[in-house]
Amino acid sequence: MYVSNAWPGFWRAALLALALLVGLGGAPTVLAQADPDREAATAVGGVSPDTWRQVRSGETGPNFRDSRAESTYNLVNASGETWRQLRNRWVSPFGLIAIGGMIVVIAVFYVIVGRKDLSGPRTGRKLLRWPLLVRSIHWTVATLFIVLALTGLNLLYGKFVFRPLFGDAVWGAMISASKVSHNYLGPLFGILLIVLLARVLKHNWPKKHDLEWFKQGGGLVGKGHPDAGFANGGEKLWFWLLATVGIVVVVSGFVLDFPNYGQGRDTMQWANIIHAVGALGLTAVALGHIYIGTIGSEGSLEGMTTGYVDETWAKDHHNLWYEEVKDQAVSEQQISAGRPPPDDSEEAATRS
C-alpha cells in the first residue's frame, strides 16, 4: 500500500486557492460599483470630454503623445479605452463565472455522485504507468500552472479583494511580487508545457472508442466502464485543450512579456485580452482535472506520484491498455525492495 507524501503540499495549495477564490466571491459587487470614468480620471488627470473628442479624431497635443524616438503614438487613445472596457465589463466577469461555476459544479457532483471507487479489491500487483522523467515534468508544469493562476488572478482581481482588506502597502507588495513571478515563470512554463505535450503526444491521438467514452460520460451513463487505451477520452480532451488554448495563452504571454520586438500597443492590448480569456478558461477546466485526479477517483493520484497503478484501477479505467501490459505487473514487495521489472522503461510503461 502506497501512501503519497504529496497530500500535505496539495492541501496547502488547495486551501490557498480556496482562500483566494472565497475572497473573489465578493468581487462582483465591487466590480459593479467601480466607476470606469473615475478610474480613467485617476490614471490621466487631464482627461475631459474635449480631450476624448480629440483622441477619437486623432488630434491630440504633445502632452498625450509618446515622446520616445520619433513616435507619434497617442498615449491616450480610443483603442486603449476599448481594451479597458472589454477587460472590466467582459473578461473579469467571465473569469468569476467560469471559475466559480466550476467550483460549484464540482461540489454538487461530489455531493451527489461521490468518489469513484474501485470496482473490486486491490490485487497488490502494480503496473508502471508514468516514468520518473514524465512525472517530474508533469509536477513542475503543474506547480508553475498553479503559481501562474494565483498570480494572474491577483493581477486581475487583487485590487478589489486585497487592497480593501490589507491597505495599499501590502496590496502593492503583493501585486509587485505577482507581476515579477508571473512574468519570469511564464516563459519557463511555456517551454516545459511544450516538452510535456511532445512526450505524451503519441498516447493522445483520437480513437474510435473515444466517442463511446464520451457517450457514456466516462462511465457515468449505462452499465460498465467504456473502453479506454492508455489515455481515455477525457484525458485526451484535456491534452488537446492544453495543446491549443494552452499554446495560445503561452504565445500571447510571450507577446506581453517581450514588448521590445516591434509590436505596438494595439497588439499588446489584444494579446492581453486573449491571454486573460484563455488562461481563465484553462484554470476553470484545470479544477476539474485536479478533482478527478485526486479525491474524485480512487487510485488515480498514485500513478503520478509513485509511477505505478494497481491492476484493479487499470482494468477499471484503461482496460485496453491493461490487456496489453498485464503480463508486466509486479508485486508491491518487489517495488519496495527496489527490484522493478526488467523492462522498467518508458516504452514498457506507456505501451498502447
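The values are calculated or read from the model by the stated rules, or taken from the named source; none is laboratory data. This one's a predicted model, so the numbers in the text were calculated from it and none came from an experiment. When we count neighbours, we look across all protein chains shown, and the Cβ atoms used for this are built from the backbone with ideal geometry, even at glycine. Note: areas computed on protein heavy atoms with side chains; ligands, DNA, RNA excluded. Shrake-Rupley method; radii C 1.70, N 1.55, O 1.52, S 1.80 Å.
Here are a few things to note about the model shown:
- Checking L237 against (1) within 19 Å of the chain's Cα centre (by Cα); (2) closer than 20 Å to G296 by Cβ; (3) crowded, with 19+ Cβ neighbours inside 10 Å, the condition it does not meet: (3)
- Check on K202, out of contact with any Phe, Trp or Tyr (no Cβ under 6 Å at 6 or more places or on another chain), of a type in the set (K, R), within 30 Å of E311 (Cβ to Cβ) and open to solvent by 60 Å² or more (accessible area, probe 1.4 Å): yes
- When restricted to residues that are of a type in the set (D, E, K, R) and more than 30 Å from G186 (Cα to Cα), region 217-266 contains 2.
- Annotation note: of G224, G172, the sole residue that is within 29 Å of V255 (Cα to Cα), open to solvent by less than 60 Å² (accessible area, probe 1.4 Å), more than 22 Å from the chain's Cα centre (by Cα) and of a type outside the set (D, E, K, R) is G172.
- Which listed residue is more than 26 Å from L320 (Cβ to Cβ), in contact with a helix residue (DSSP H, G or I) (Cβ under 8 Å, 6 or more places away or on another chain), of a type in the set (G, A, S) and at pLDDT below 95, from G186, G95: G95
- For G219, the requirement of being among the small types (G, A, S) and either under 15 Å from N183 (Cβ atoms) or modelled with pLDDT of 95 or more (or both) is not met.
- Residue match in region 134-142 (condition: surrounded by fewer than 18 Cβ atoms within 10 Å (Cβ to Cβ), among the basic types (K, R) and touching a residue at least 40 places away in the same chain (Cβ under 8 Å)): yes
- Residues in region 284-300 that are hydrophobic (A, V, I, L, M, F, W, C) and part of a helix (DSSP H, G or I): A284, V285, A286, L287, I290, I292.
- Output for region 318-331, where each listed residue is under 17 Å from G233 (Cα atoms), open to solvent by less than 20 Å² (accessible area, probe 1.4 Å) and assigned to a helix (DSSP H, G or I): W321
- All positions within region 220-232 that are touching a residue at least 24 places away in the same chain (Cβ under 8 Å) and not polar (S, T, N, Q): L220, H225, D227, A228, G229, F230, A231
- Checking each residue in region 143-169 for being closer than 19 Å to L280 by Cα and open to solvent by 60 Å² or more (accessible area, probe 1.4 Å) picks out T143, I146, L155, K159.
- Hits in region 122-157 - residues which are in a helix (DSSP H, G or I) and either of a type in the set (S, T, Y) or at pLDDT below 90 (or both): S136, T140, T143, T151, Y157
- Options G303, G281: the member that is in a helix (DSSP H, G or I) and under 18 Å from the mean Cα position of the chain (by Cα): G281
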